[in-house]
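Notes to accompany the following structure.
The values are calculated or read from the model by the stated rules, or taken from the named source; none is laboratory data. All of these numbers come straight from a predicted model, not from anything done at the bench. Here the Cβ is made from the backbone with ideal geometry for all residues, glycine too, and neighbour counts use every protein chain on show. Heads up: the accessible areas ignore ligands, DNA and RNA and are worked out on the full protein's heavy atoms, side chains in. Shrake-Rupley method; radii C 1.70, N 1.55, O 1.52, S 1.80 Å.
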Amino acid sequence: MRRVPVITVVVTVLLALLASAFTVGTGTAQERSVRADDGARVVAEQRVGPRLLDLTIDSPALGTTAHVRLLTPDDWSPGRHGWPALWLLHGCCGGYTDWTKYTDVAQLPELQRVLVVMPEAGAAGWYSNWWNYGKGGAPRWETFHLTEVRQILERGYGAGSRRVAAGLSMGGLGALSYAARRPGFFRAVASYSGTVHPLLQVPGGFGPDWFLNLDRQVGVDPYAIWGDPVRQRAVWAEHDPTLRASSLRGLPIFLSCGNGEPGGPYDPPGTKDPNEAYFEQQNLALADRLRALGSPAVTDFYGPGIHEWPYWQRELHRSLPMLLAALGA
């Protein structure tokens, strides 16, 4: 019988161990019967990194499947409950893998005792249950996130009731809108270059039409989300964090944004970004409103800088102390 070299055996064993460490079949989720009250359920799990676990959820709220990426604590196990959770919300045209793809979140030692939740939210889902011309129905992103995902994570993945949220751009709107619409759901919120006042009209053509045009560019019917900004103004206002600021009173909030002018530390020389300038005006309006309500936010309006990931990674670092303090982590 031919003798297999020892090195070949060792390599084979190591490859098998790596394969088992980074692949989790659907059986694990099915055996735990992880479901939300409306029947939303995990249909697949995949281990994609030492602490990264991707879930595929069959969602009645969306009428389809969607994904959630988890960055698990160091000694996490599904049966151990009560982990504090940091929700990281992605921006428009992005996805649930963005935070681990473009930032160092998976390497931050401060998060080794926190369950980080990164849910899919649609290219332009706007963290809302869509109006759909008054008919409602799918997609219902708010229900997916705040009911289905929450229940699944608490029942099968160890999440506790202590939660904070941070989001960029569209995700900044999502974090603040969710906090305003569901008081007590999050203990603190951070928004980076957030679109936090969609009804704000400023000189230069920036206003609600900016949102409608963006939706068209990504292939979404803009009037299906919140309707027409004039005829359905009340629907828009329900999802406008600045107009809902009274519901944010007393909540620890961090707001940051650049002004779109050249000279930012992460930008090519001479780069300008009129969109970021518009978002700064929105954030200044929200900061002023919160201050008038006696509940000022922590702000970092850092001047020159465009709408890009290096700034959002930096702002995550700057806001983490506030978020972790609210979690008690």
When the accessible area of the chain is computed with all protein chains present and a 1.4 Å probe, what percentage of it is carbon and sulfur? 54
Report, in degrees rounded to the nearest 10, the 0 to 90 angle that the Cα long axis of helix 309-327 makes with the longest principal axis of the chain. 80
Of all beta bridges DSSP finds with both residues in the stretch 30-178, what is the antiparallel percent, to the nearest 5? 70
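Starting from the alpha-carbon convex hull of the stretch 73-129, give the projected area averaged over all orientations, in nm².
4.7
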Rounded to the nearest 500, what is the chain's calculated 222 nm mean residue ellipticity when only DSSP H runs of at least 4 contribute -39500 (n - 2.57) each, over all residues? -9500 deg cm²/dmol
Using the Cα centre of the stretch 207-329 as the reference point, and only Cβ charges (+1 on K/R, -1 on D/E), how large is the resulting charge dipole? Debye, rounded to the nearest 20. 460
In the stretch 70-183, with Lys and Arg counted as +1 and Asp and Glu as -1 at Cβ, which of these residues, Asn129, Leu108, Leu70, has the Cα nearest the positive end of the dipole, that is, farthest along it? Asn129
Using unit Cβ charges (K, R positive; D, E negative) and no other charged atoms, how large, in debye to the nearest 20, is the dipole of the chain about its Cα centre? 920
Please figure out what share of the DSSP beta bridges in the chain is antiparallel and state it in percent, rounded to the nearest 5. 50
Reduced to Cα centres, the span from the stretch 42-109 to the stretch 158-193 in Å works out to 16
Cα-based helix-to-principal-axis angle, 274-292 vs the chain, degrees rounded to 10: 80
In the stretch 119-203, the trypsin sites (Lys or Arg not before Pro) that sit in a DSSP loop and have at most 13 other Cβ atoms within 10 Å of their own Cβ are Lys135
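Net charge near Gln313: determine it from the other residues with C-beta under 12 Å of the C-beta of Gln313, scoring Lys and Arg +1 and Asp and Glu -1. Mind dumping the intermediate values first?
Working: positive: Lys101, Arg314, Arg318; negative: Asp98, Asp104, Glu308, Glu315.
Net local charge, Gln313 excluded: -1.
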Can you list the residues, at least 5 places off or on another chain, whose amide H is less than 5 Å from the amide H of Val114, using H built in the peptide plane? Asp74
Which loop trypsin sites (Lys or Arg not before Pro) in the stretch 238-320, with loop taken from DSSP, have no more than 16 other Cβ atoms within 10 angstrom of their Cβ? Arg249, Lys272
Note the angle between two axes, namely the Cα long axis of helix 208-217 and the longest principal axis of the Cα atoms of the chain, as a number of degrees from 0 to 90, rounded to the nearest 10. 40
On each of the three principal axes of the Cα atoms of the stretch 214-329, give max minus min coordinate, whole Å, ordered largest first. 42, 38, 27
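Under unit Cβ charges (Lys, Arg +1; Asp, Glu -1), what dipole magnitude, rounded to 20 debye, does the stretch 72-177 have relative to its Cα centre?
So the dipole magnitude of the stretch 72-177 works out to roughly 320 debye.
Taking every pair of Cα atoms in the stretch 117-255, average 1/r, invert it to obtain the Kirkwood radius, and report Rg/Rh to two decimals.
Reported Rg/Rh, Kirkwood definition of Rh: 0.96.
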Is any residue of the stretch 152-190 close enough, with backbone N under 17 Å, to a label point placed 7 angstrom from the Cα of His81 along the Cα-Cβ axis, and if so, which? 152-163
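Roll a 1.4 Å probe over the protein chains and send me the accessible area per residue for the chain in Å².
Computed with neighbouring chains in place, this is 42 Å² per residue.
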